[in-house]
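The values are calculated or read from the model by the stated rules, or taken from the named source; none is laboratory data. Note that the coordinates shown come from a computational prediction; the quantities given were computed from them, not determined experimentally. Reconstructed Cβ throughout: ideal geometry from the backbone, glycine too, with neighbour counts over all protein chains shown. To get the accessible areas, we keep the full protein, side chains included, count just its heavy atoms, and leave off ligands, DNA and RNA. Shrake-Rupley method; radii C 1.70, N 1.55, O 1.52, S 1.80 Å.
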Amino acid sequence: RDPPRKPTAASRTKGANKMVHARNEKMQGDAVQGMLADFAYDIEFEGYLSNHAKHAVIALAGLDATEERIVEYFKTYCAETPNGLKLDPVVAEAKARVESSEVALSADEVKSLVGAKAKFSSLCNFFKHEIERLGESAVLSTYGPMLLDGVPAALTHGIIHLGWGLAAESRWMTIEGIAYLTFSHVSVCPDRFVDDALDGDDPFASLLAIADSREALAEFKRGVVADEQGKWPKESFHPELVKAGFQWQVAKIFDAGHPLFSLKPTWLERDDALERLYDLASLLHVLSGGNFVVLHLITSLWGLDHTLAAMPAPPTAYALRCFWVMILGILAASAAGVPTREALQAAHDRFAGVLDPDTPETHQAWSALADRAINQEEEHNMKLVFVELDLTRRFGRKLLYRTAAASFTDTPTLSTANTVFSA
């Protein structure tokens, strides 16, 4: 058996509240754990869209929704997603492969499949057997370091699925998560990292410095998107993401790389580095007006946080550096680009050091947000409120967290793809 989970790095932050794990009686109940262990539907549908059903179950349980509401939402999502699309049922052959007592792949074959978008059920089979043989912590320690640079994978849903499954203590979801992170891996290219220091003593200050180069980053993006030299052929460079649009451009951005991505932040070893990254992600979400993509920075950092918490000797500084580069790449790839220095500073000044009062009105505001999230059709808002509420418990009643939680996003309109999920 694995030893009890230790607190996250963030929970050891000086002056911070103790970590409030997602684990609660409802989370560990048969109904919720049964849904998290479900293997009726593939991890992706329409060729590139991630199955979010289990993330919603965890968020709803963490928000203390009734069991009836959790089951209702899970069944509704599985029947039809908020986008009006259908999940792909797991085919019998894939299910048999996962359940087989024979190990489907060798360790070398697994390494060759990183980012190949192939043999997902075989990867699940492999990691299932590895966890049975070595234990969860040992598997994460063995394979985690080679996968953590892939935090952008599947628009961050690889690390979300893994970390949220670990937080909920779901063995099957953990297996799915590490297999999905392997399957969909898109690297931030840490081989390009250098020791030259990036300005700024915390993530916000570093992004403020990056904002001075926002026009250069915009020009860099235009060149990558235009691809006049044909460096990223649609037929061979992540062809499964071409119709995903934004995800394909993000993959190109990281493959191209920009010198600013390579610089080393000086704050990586700070005790409160993780908390400061949460603050930056929350600030960017507020500044974006509840942007759908930016919201994923918050929920994926929570996934990374809990993945690191499950590792005996987590490579925290390295993982946070990879996450930082992912933030830069996603902002650079976005339509709006990196926010201006003026916009960042104004948002920061609005929230810096401002706490919500410990009053009935504040508690009622959070209760109303939780109720609103529970009754949403859009599950991203459930996860948003759940994570921001957890941050409030851990790091204090920051007005920033409640404002970010109230910045609900809209369900995006997605076009279907003619790609095929590789079971």
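At a glance:
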read-out: Difference of contour (0.36 nm per residue) and Cα-Cα distance, Ala218 to Asp30; value: 62.7 nm
read-out: Dipole of the range 290-423, positive direction: furthest Cα of Val325, Ala373, Ala343, with charges on the beta-carbon; value: Val325
read-out: Candidates Ser106, Ser50, Ser122: whichever shows maximal mean-square fluctuation once the chain is modelled as a Gaussian network with Cα springs under 10 Å; value: Ser106
read-out: Estimated [θ] at 222 nm from DSSP helical runs (n ≥ 4, -39500 (n - 2.57)) normalised by residues in the chain, nearest 500; value: -17000 deg cm²/dmol
read-out: Amide H contacts of Gln376 (H built 1.01 Å from N, under 5 Å, at least 5 apart or other chain); value: none
read-out: Simple Cβ-charge dipole of the chain, Lys/Arg +1 and Asp/Glu -1, about Cα centre, in debye nearest 20; value: 360
read-out: Peptides ranked, highest mean first, by Cβ atoms within 10 Å: ranges 62-68, 95-101; value: 62-68, 95-101
read-out: Prolate/oblate/rounded call for the range 232-355, Cα gyration tensor, a/c under 1.5 rounded; value: oblate
read-out: Using a Förster distance of 25 Å, the FRET efficiency for Ala368-Glu67 (Cβ separation, nearest 0.05); value: 0.70
read-out: Accessible area of the chain divided out per residue, in Å², using a probe of 1.4 angstrom; value: 40
read-out: Distance between modelled label sites at Glu80 and Ala336, nm, 7 Å Cα→Cβ extension; value: 3.1
read-out: Extended-chain gain in nm, criterion 0.36 nm per residue less alpha-carbon gap, Ser106 and Lys234; value: 43.1 nm
read-out: The chain - percent of accessible surface contributed by carbon and sulfur, probe 1.4 Å; value: 50
read-out: Residue of Ala333, Ala31, Ala404 that the Gaussian network model of the chain assigns the largest fluctuation, springs spanning Cα pairs under 10 Å; value: Ala31
read-out: Rounded if a/c under 1.5, otherwise prolate or oblate - the chain, Cα gyration tensor axes; value: rounded
